[in-house]
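Down below is the structure, laid out as structure tokens.
Computed from the coordinates by the stated procedures, all read-outs in this text should not be read as laboratory data. As the structure is a computational prediction, the values presented were derived from the model and not from experiment. So basically every Cβ, Gly included, is an ideal-geometry build from the backbone, and we count neighbours across all protein chains shown.
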């Protein structure tokens, strides 16, 4: 099988706190991979390293055949990210936002305009195209944010909790978009806390806890193996039922390490 | 390579355009942006006016001696002090009555024509006037003392001329009294006396461009980090330096607009004239900005979030404002503070700008200053870019 993403002992330390601990993971081309884990398990740290937003402390990974440290520039032109915090400028309109990001990726002129209009049509935001994004509901923002993430037609799409805080209609719409992207051949890494969503969408899921990948398989296989009904049961059985409030306390709060990823 | 640099420059322009568009949507900020120079100009323009335009400083005169010379001198003083508009003079019968007015804060100084003044003058001895000033305000005390001294010097001269005319009618009394006179000439044709404001306007311009650049850059970067949009830029196929450059271009355009708004206002309101080359001024301002960009990025990278970055910058802006010779000459500072002022890029920018504006100097005459600014920019930016990279990818 040809892999789109491979990690080799990928490790990230924040001072003495080991956020991701020698992770080895392979994700196939056109796979929709669900990355699950409790808060502070290392999910977002892993995610950010693969997106080249965070430098690994040890080990490395390849995305689309490129090394995340040595060839980060090449990776950046083939990936798109969609995060829970929408990456949009609130005081700009949808058109201005998409045009701006499109130009960053070297798209231009009529071609870019056409693409922007198409994308706005897909997410049903054409009639709001000249309103400032700040006036949008969270569902509208997330739909637009996804279009921003795939504007340049990336090979690999990273989605970090794309349905958090959305109403059922918007969440469904977003899930359908994700499925559709995958059907069009995109490799998708999806992190989510909604187990049903992961179960429904992912070909395979990986469960990460305390910086280690503790299980990788098809949701059905995991359920069968552990003899439980739902992916949530799998998750709780593997990661325990204890609350995970204390994990972030290990991360330095100030200076260059001031941003917390968990 | 060249193509990729051109491409990254283009990206920087796109980012600059986006930042300016984003800013233009903030109506209140745009309003403040225009109001700020206006406020600053009028405030400082009238606070540090050219020459001594102190008006109507209340002054007490106590005429203890009632002789004819004393009367003449008092009347002359009254006339000159009030006609210039500098003082408003009130007569008091006794020194103690006048003193109590000073204590109550109603009067800033007391001029006493003491007993025996008339007799001294009449018998050819030097007569003494006594001056007491309110020492609660050194500035006012100085102005009162200088003003009163000047008036009495003139009265003295007038008396002396009369005496000389009596002794040697064939002489020009003025030559006898002052064999030497100082004549002041201008370095630049057409330049009349420089007002305090002509001194301050270039400094204000430099300060505004650099500081708005500094804090604008810091807040623009930290805001994007906090809202998450920085991630969108960072995962794009764009160089880190083009993000910084783009933001710098946007902030510089904003700062320049404000700077030239300040210049226009000072030309209209305070009759400031530009004798030098405007393009050279822009060039020096740009160099100044380059020196500040590094500092802004370093502060932002170290601080992490917007609030801390702003605090660090405030900490840097305060000394810069007062130690860079923007408001008053660096020579006025104690020796060790002068050394600090030499380490601040604003000192050089303000000084160069002033010399271009007032003395019409050319680029070769300010070359040392330019070299210092370039060195400053190179050093700070080469520290800033890796720090920024580290801060956003850690």
(request) Assuming a ≥ b ≥ c are the square roots of the Cα gyration tensor eigenvalues, decide whether the stretch A:144-221 counts as rounded (a/c under 1.5), prolate (otherwise, with a/b larger than b/c) or oblate. (result) prolate
(message) I need the per residue convex hull volume for chain B, using only the alpha carbons, in cubic angstrom as a whole number.
(response) 190
(request) Let me see the pair-distance distribution of the stretch B:57-177: every alpha carbon pair, 10 Å bin width, integer percents in order. (result) 13, 42, 31, 12, 3, 0
(request) Starting with the highest mean, order B:70-77, B:275-282 by the number of other Cβ atoms within 10 Å, averaged over the residues of each peptide. (result) B:70-77, B:275-282
(message) I'd like the mean, over residues of A:48-55, of how many other protein chain beta carbons sit within 10 Å of each residue's own Cβ.
(response) 3
(message) I need the calculated FRET efficiency for the pair residue A:13 and residue B:9, taking r as the beta carbon distance and R₀ as 41 Å, to the nearest 0.05.
(response) 0.65
(message) As a footprinting exposure proxy, order A:72, B:83 by other Cβ within 10 Å, with the fewest listed first.
(response) B:83, A:72
(message) Using square roots of five times the C-alpha gyration tensor eigenvalues, list the equivalent-ellipsoid semi-axes of the stretch B:66-126 in whole Å, biggest first.
(response) 23, 16, 8
(message) What FRET efficiency comes out for residue A:29 versus residue A:131 if R0 is 45 angstrom and r is the Cβ-Cβ distance? Round to the nearest 0.05.
(response) 0.75
(request) Under a 10 Å cutoff between Cα atoms, tell me which one of B:199, B:46, B:175 has the largest fluctuation in the Gaussian network model of chain B. (result) B:175
(request) Just order A:19-28, A:42-51 by mean Cβ neighbour count inside 10 Å, highest at the front, would you? (result) A:42-51, A:19-28
(message) Given 10 °C and 1.306 mPa s, compute D for the stretch A:76-132 with the Stokes-Einstein relation, Rh being the Kirkwood radius over Cα pairs; round to the nearest whole µm²/s.
(response) 132
(message) If R₀ is 56 angstrom, what is the calculated FRET efficiency for the pair residue B:333 and residue A:60, using the beta carbon separation as r and rounding to 0.05?
(response) 0.55
(request) Summarise the partner chain shielding of B:352-361 as one whole number: the mean count of Cβ atoms from other chains within 10 Å of each residue's Cβ. (result) 0
(request) Over 27 Å, how big is the tail of the calculated P(r) for chain A, in percent of all Cα pairs? (result) 39
(request) Would you list the P(r) distribution for the stretch A:1-82, with all Cα-Cα distances sorted into 5 Å bins from 0 and each bin expressed as a whole %? (result) 3, 15, 27, 28, 19, 7, 1, 0
(request) Consider all pairwise Cα distances in the protein assembly as shown and report the whole-number % of them above 38 Å. (result) 53
